[in-house]
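Right, one structure below, let's go through it.
The values are calculated or read from the model by the stated rules, or taken from the named source; none is laboratory data. Just so we're clear, the structure is a prediction, and the values are computed from it rather than from any experiment. Note that we place each Cβ from the backbone using ideal geometry, even for glycine, and neighbour counts take in every protein chain shown.
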Amino acid sequence: MQVAEAMVLSGAANRVLVTTGELCSRAINWRLRNADDFRRHFPGYTMGDAGAAAILGRSSDERGIYYRRFITVSKHWPLATIPAGGSMHPRGEEHTYLSADGAALKQTFVDLAPSVVCLLRRESGMSFDAFDRILIHQATLPYLEEMLEVAGIPSDRVEVTVPTLGNMAAASLPVAFARAIERGAISRGDNVLWLGLASGISVGAMMMHV
């Protein structure tokens, strides 16, 4: 989204197609040896397959993206990873499965949330009350509820998808956006806040006037 926006604003492109496809089921280990294996691979069983696409173009009015911020705290990358594909583990089926410490990952996000929220509010000058709908990445419902409480995000404005669709990785936010539009929960003129959370640790925020 950030690269596409830059291309449109620079005049390099009139419209840009942005897509995401997540086949999280490929990272599930169905052949476990013991309880330690189950704990390490458990987050994979909470994930769902999904995809989404969007076309970005220059706005002719006040609608569109008006704030974006991306933050990475890379020292936490081992908390959730699929080791295969790089020079360290180029092959070997055992490295193609998601391996994660779900509790530690959740705690890291909870610890970082207050400072990240403070930064976003200071830079944008916006409070959560200014948004009609909030889209936030969701791993599990209990983790989501704790994250909302710690960050001070009003739960009644959050589009909740995880109970029925699971953790859809990068497709979580665009799928939630599309479902909210279909239900009439987002309509023209609304302010929408996108909050992406990813292992890494990475946090992405985008504010949009629909």
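Structure above, values below:
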quantity	calculated
Matching residues in region 79-127 - criterion: being within 19 Å of G152 (Cα to Cα) and in contact with a Lys or Arg (Cβ under 7 Å, 6 or more places away or on another chain)	L120, E123, S127
Out of V110, V203, V175, sole residue that is at pLDDT below 95, assigned to a helix (DSSP H, G or I) and of a type outside the set (D, E, K, R)	V110
Selection from region 8-45 of residues that are free of Cβ contacts under 8 Å to residues at least 24 places away in the same chain, of a type in the set (A, V, I, L, M), farther than 30 Å from S60 by Cα and in a loop (DSSP other than H, G, I, E, B)	L32
Count of residues meeting criterion [in contact with a strand residue (DSSP E or B) (Cβ under 8 Å, 6 or more places away or on another chain) and part of a helix (DSSP H, G or I)] in region 130-168	6
Residues of region 63-73 satisfying the condition of being within 22 Å of the chain's Cα centre (by Cα) and exposed (fewer than 14 other Cβ atoms within 10 Å of the Cβ)	F70, T72, V73
Selection status of S60, loosely packed, with under 13 Cβ neighbours inside 10 Å, over 30 Å from R31 (Cα atoms) and not aromatic (F, W, Y)	yes
Sole residue being buried (at least 16 other Cβ atoms within 10 Å of the Cβ), at pLDDT 95 or above and of a type in the set (D, E), chosen from E159, E182	E159
Long-range neighbours under 8 Å by Cβ, at least six apart or interchain, first residue over 17 Å from A104 (Cβ atoms) within region 71-85, second of a type outside the set (S, T, Y) and in a strand (DSSP E or B)	I71/V203; I71/G204; T72/V203
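Per-residue answers, yes or no, for (1) under 30 Å from R188 (Cα atoms); (2) surrounded by fewer than 18 Cβ atoms within 10 Å (Cβ to Cβ); (3) at pLDDT 90 or above:
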residue	(1), (2), (3)
K75	no, yes, yes
P83	no, yes, no
H89	no, yes, no
L120	yes, no, yes
E123	yes, yes, yes
D129	yes, yes, yes
